[in-house]
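A short reminder: the numbers here are calculations on the coordinates, not readings from a lab. Worth saying up front: this structure is predicted, and the values here are computed from it rather than measured. When we count neighbours, we look across all protein chains shown, and the Cβ atoms used for this are built from the backbone with ideal geometry, even at glycine.
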Amino acid sequence: MDELTEAQLRGHRCVWCANPLDPDRCIDLGERIAEDGYRCFPRACTICTVAMVHAQLVEHSATCEQCVDDGTLCAETAELRRTLRDGRRL
């Protein structure tokens, strides 16, 4: 959060590519609270979100013991897949 601009912290620009966001076509990343107590509301464009979530899913699946056995039982994989699906719908 230290490297983000004010516009990124307020959710007006994507946290990854810094492009302006369309409020109807972006992903809310949830409220964050910095160490100094500053509250921010970062958001991301769908292109960056899909790319980042996909990369996280690949990385997680390669190192998660549950995913190696049966990925359908892993809660983290299920959440990443849901986020990926939702991001592609926008």
Checklist entry - Which of these, 78, 18, 62, has the largest mean-square fluctuation under a Gaussian network model of the chain (Cα springs below 10 Å)? => result 62
Checklist entry - Any idea what angle helix 75-89 forms with the longest principal axis of the chain, computed on alpha-carbon atoms, 0 to 90 degrees, nearest 10? => result 60
Next on the checklist: Compute the helix-to-body angle for 46-63: its Cα long axis versus the longest principal axis of the chain, expressed 0 to 90° and rounded to tens.
Outcome noted: 40
Checklist entry - Of 87, 73, 37, whose Cα points farthest to the positive end of the dipole of the chain (charges on the beta-carbon: +1 Lys, Arg; -1 Asp, Glu; origin at the Cα centre)? => result 87
Checklist outcome for this item: Taking r as the C-beta separation of residue 81 and residue 38 and R0 as 41 Å, the FRET efficiency to the nearest 0.05 is 0.80
Checklist entry - Looking only at 31, 79, 65, which one moves most when the chain is put into a Gaussian network model with springs between Cα atoms under 10 Å? => result 65
Next on the checklist: At 0.36 nm per residue, and after removing the present C-alpha to C-alpha distance, how many nm does the segment from residue 29 to residue 12 gain when stretched out fully?
Outcome noted: 4.9 nm
Next on the checklist: Suppose R0 equals 25 Å. What FRET efficiency, 1/(1 + (r/R0)^6) with r the Cβ-Cβ distance, do residue 19 and residue 59 give to the nearest 0.05?
Outcome noted: 0.55
